[in-house]
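Read the structure below first, then the notes.
Just so it is clear, none of the values below were taken in a lab; they were calculated from the coordinates. The model shown is predicted, which means the values in this text are computed figures rather than measured ones. Here the Cβ positions follow ideal geometry from the backbone for every residue, glycine too, while neighbour counts run over all protein chains shown.
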Amino acid sequence: VPEDQEDKLLLASWGLPKAVLEKYHSLGVVQMFEWQAECLMLGQVLEGKNLVYSAPTSAGKTLVAELLILKRVLETRKKALLILPFVSVAKEKKCYLQ
């Protein structure tokens, strides 16, 4: 992330509603890793273009997906489908995203 865009590491700079930011902050998530912000700033990802990325387990892939989904749903007022690999993860995300 270029120095002039370091604020993009902060979740608060992505235009998310206050309630969403408060939820992330209550879970200790205030900023992203540099690679996560880079994913969000690639090409036209924020305008709905595709993004394929890979990272090790527990590296933070889900946060990138959540932010893209949340921004898209809030901006377009359309529904989104989030597919998760395990029932336990699906239940966790259901509670978390509500």
Item to check | Burial ranking of peptide ranges 68-75, 86-93, 12-19 (average Cβ count within 10 Å, highest at the top) | outcome: 68-75, 12-19, 86-93
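Kindly flag which residue pairs out of LYS61/LYS91; LYS23/LYS49; LYS18/LYS49; LYS8/LYS79; LYS18/LYS78 have an alpha-carbon separation exceeding 24 Å in this structure.
Flagged as over cut-off: LYS23/LYS49; LYS18/LYS49; LYS8/LYS79.
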Checklist entry - When Rg is the radius of gyration of the Cα atoms in segment 46-92 and Rh is its Kirkwood radius, what does Rg/Rh come to? => result 0.98
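In µm²/s, what is D for segment 7-53 at 10 °C and 1.306 mPa s, where D = kT/(6 pi eta Rh) by Stokes-Einstein and Rh is the Kirkwood radius from Cα pairs?
Working: Rh = 11.5 Å.
It comes out at roughly 138 µm²/s.
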Item to check | Answer label, with mean projected area of the Cα convex hull in nm² calculated from the coordinates and candidates (i) 13.2; (ii) 6.7; (iii) 5.9 | outcome: (ii)
